[in-house]
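The block underneath contains the structure these notes are about, expressed in structure tokens.
The values are calculated or read from the model by the stated rules, or taken from the named source; none is laboratory data. Bear in mind that the values here come from a model prediction, so they are computed numbers and not experimental data. Backbone-built Cβ (ideal geometry, glycine too); neighbour counts: all protein chains shown.
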Ligand code: ADP
Ligand code: MG
């Protein structure tokens, strides 16, 4: 046998950073290292169970798939051993010396975002293996891979920047972690302490856990149980432990089916939308099992992409155990599971919306964006999803929501279309010119605030046979308004003449100009004459550098013959055509701004100055006259 010199390695910089935080953080709950190490052991056993199915040549194949923990309060050590798949030398370097793995990387990323206190974050993410250094002054990891032609190794570190690796003889398959406890962490060398922690965090682990030879956990695949046998608390604990969640579940769906497939599923809707917090795109964390054996913790294709926020377990006895991860996504069986599960989940949402609308609104506010994603991309579930959409509208209070079904049931008798308006928020829509026509006629308008909503509307095109129409569209037929008593308006002829003159002067900027019933308080609006694209979609396309036809040709200018600015303009063009032209151009630009179509406002600013200059010009003639008039008056009074 050759003499072995321990090989010294430096930790990757990120690992050092992480270790520093873990060791020095003020995080008081040191207990979690037990959960983390047991969870790693359980992962390793699960992987080994899978390897057993796929491979023939396995080292130490007769070993039980179990976790053995020993405590020694004289030596002040805790040892956690699993007969899992083990690690080779390279795997030890890769897995324990660098951050390539999921949990810790996410943690570091969250730290980089810098939004929350460190200690808080540690509570939310498991920091995995490195949590051992919260309690240990030295950590030794003995490991032997399941592959026959490997050797055993021991990895050693005090957590201060480097570690060593050397080979060891007589190592069993799997991993044995020995923690030499820090003086102030001695209590973890007591078996009662460890048992208590296991009870708290690890009671759902699917493998036997023995502490000093005594079995402490009960294997409990609660998803195989009957709903009536499981307490809320058990569910929540399962969610936290098995699904590695840090929040409470918002919704829970536990169902068992025999046909068309044997399914036992336990699905949790979290109460937090991780993606919206700025973390990377979440992966669906619903583990796929076959009779309690984990096939894949994050199976691709089990749920549609837009349900990637779900967590939980799906167990199907119909699944072949040796299905590989690669073929799974294409498997007809997984596709069938996907259909059944998605339908069932959507049914839960529909029931929730009906029975507990407030709770559903909370769901909608947290995860609605995913349902919209589904509407635009998943034709198979579009109908069910469409009914789950919620909107603010001109008839709801701010923050209150309505559905398309609700909208339709409240439609006026002769109303044929469903109207919606897009802008960045409620105030912008309510203060803009487009709502006026609908408000005066008591027609409900759905409010949408997100570009994806436009794609949703565009994709749906109609609901319940009624076209969905953007309220800034040009071709909307509305009842004509009965003029209010005393409301002055341009005569039909004057209005038509003004429109002709405006079109002449505005030229290519508008397709046409017409007097309109769409306005009550505003002088003018630009309607979108493009049937294919709404104004904001056009803007999005432009931002994405897509070729879009020149927008000026697609705008129709509506003028309000009752508005005093329009009436003034009709007169002004005979008295001072130059100024009238400036005003006309400015009115036009204002409507484009309101429509969100103004691309370069700078020329407009110059024009505004120009107009202001004219308005502020002293007009000696007028002034003198008015002056004289007053004098004359006062003279008479005298
Ligand atoms: P995570 O579990 O989120 O991947 P950890 O820091 O807990 O992160 O573990 C890092 C990696 O080390 C694991 O992904 C795994 O590859 C490896 N590992 C840790 N503990 C064991 C073990 N007991 N047996 C085999 N591999 C392990
Ligand atoms: Mg881990």
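Quick one: in the stretch 153-201, which of the residues that are closer than 18 Å to residue 45 by Cβ and over 40 Å from the mean Cα position of the chain (by Cα) is nearest to ligand 2 (Cβ to nearest atom)?
Taking the stretch 153-201 as the starting set, the residues that turn out to be closer than 18 Å to residue 45 by Cβ are 171-177, 198, 201.
Checking which are over 40 Å from the mean Cα position of the chain (by Cα) leaves us with 171-173.
Working: 171: 21, 172: 21, 173: 19 Å.
Filtering the stretch 153-201 for residues that are closer than 18 Å to residue 45 by Cβ and over 40 Å from the mean Cα position of the chain (by Cα), the one nearest to ligand 2 (Cβ to nearest atom) comes out as 173.
So which residues in the stretch 179-234 are under 30 Å from residue 316 (Cα atoms), free of Cβ contacts under 8 Å to residues at least 40 places away in the same chain and assigned to a helix (DSSP H, G or I)?
199, 227, 228, 229, 232, 233, 234
Among residues belonging to the stretch 398-415 that are modelled with pLDDT of 95 or more and assigned to a loop (DSSP other than H, G, I, E, B), point out the one that is nearest to residue 437 (Cα to Cα).
If we filter the stretch 398-415 for residues that are modelled with pLDDT of 95 or more, which is where we start, we get 401-411.
Filter once more, keeping what is assigned to a loop (DSSP other than H, G, I, E, B): 401, 403, 410-411.
Numbers: 401: 22, 403: 22, 410: 18, 411: 16 Å.
So the residue we want is 411.
Can you tell me which condition residue 111 does not meet? The list is (1) farther than 16 Å from residue 30 by Cβ; (2) surrounded by fewer than 20 Cβ atoms within 10 Å (Cβ to Cβ); (3) more than 16 Å from ligand 2 (Cβ to nearest atom); (4) at pLDDT 90 or above, and all the others hold.
Unmet for residue 111, out of (1) farther than 16 Å from residue 30 by Cβ; (2) surrounded by fewer than 20 Cβ atoms within 10 Å (Cβ to Cβ); (3) more than 16 Å from ligand 2 (Cβ to nearest atom); (4) at pLDDT 90 or above: (4).
Inside the stretch 61-77, can you point out the residues that are assigned to a loop (DSSP other than H, G, I, E, B), in contact with a strand residue (DSSP E or B) (Cβ under 7 Å, 6 or more places away or on another chain) and either within 13 Å of ligand 2 (Cβ to nearest atom) or closer than 22 Å to residue 135 by Cα (or both)?
Within the stretch 61-77, 76 is the sole residue that qualifies.
Which of the helices (runs of 4 or more DSSP H) contained wholly in the stretch 436-522 include at least 2 residues that are touching a residue at least 40 places away in the same chain (Cβ under 8 Å) and either under 18 Å from residue 376 (Cα atoms) or touching a strand residue (DSSP E or B) at 6+ places or on another chain (Cβ under 6 Å) (or both)? Can you show your working first?
Numbers: elements: 436-440, 451-460, 492-506.
The helices (runs of 4 or more DSSP H) meeting that bar are 451-460, 492-506.
Go over the candidates 80, 58, 51 one by one and state the one that is surrounded by 15 or more Cβ atoms within 10 Å (Cβ to Cβ), away from ligand 1 (no atom under 13 Å from the Cβ) and either outside any loop (DSSP other than H, G, I, E, B) or touching a residue at least 40 places away in the same chain (Cβ under 8 Å) (or both). Even if it seems obvious, please write down each step before you answer.
On the way: 80 fails: away from ligand 1 (no atom under 13 Å from the Cβ); 51 fails: away from ligand 1 (no atom under 13 Å from the Cβ).
Selected residue: 58, the only one of 80, 58, 51 that is surrounded by 15 or more Cβ atoms within 10 Å (Cβ to Cβ), away from ligand 1 (no atom under 13 Å from the Cβ) and either outside any loop (DSSP other than H, G, I, E, B) or touching a residue at least 40 places away in the same chain (Cβ under 8 Å) (or both).
Determine if the stretch 152-164 includes at least one residue that is at positive phi, modelled with pLDDT of 95 or more and crowded, with 18+ Cβ neighbours inside 10 Å.
Filtering the stretch 152-164 down to residues at positive phi leaves 159, 161.
So of that shortlist, the ones also modelled with pLDDT of 95 or more come out as none.
No, because not a single residue in the stretch 152-164 is at positive phi, modelled with pLDDT of 95 or more and crowded, with 18+ Cβ neighbours inside 10 Å.
Within the stretch 83-92, can you find the residues that are away from ligand 2 (no atom under 16 Å from the Cβ) and either within 30 Å of residue 183 (Cβ to Cβ) or in a loop (DSSP other than H, G, I, E, B) (or both)?
To start, the set of residues in the stretch 83-92 that are away from ligand 2 (no atom under 16 Å from the Cβ) comprises 83, 88-90.
Across the stretch 83-92, the qualifying residues are 83, 88.
Among the residues of the stretch 15-35, is there at least one that is touching a strand residue (DSSP E or B) at 6+ places or on another chain (Cβ under 7 Å), closer than 30 Å to residue 292 by Cα, modelled with pLDDT of 85 or more and buried (at least 17 other Cβ atoms within 10 Å of the Cβ)? Lay out the reasoning, then the answer.
Keep residues of the stretch 15-35 that are touching a strand residue (DSSP E or B) at 6+ places or on another chain (Cβ under 7 Å), which gives none.
Looking through the stretch 15-35, none of the residues is touching a strand residue (DSSP E or B) at 6+ places or on another chain (Cβ under 7 Å), closer than 30 Å to residue 292 by Cα, modelled with pLDDT of 85 or more and buried (at least 17 other Cβ atoms within 10 Å of the Cβ).
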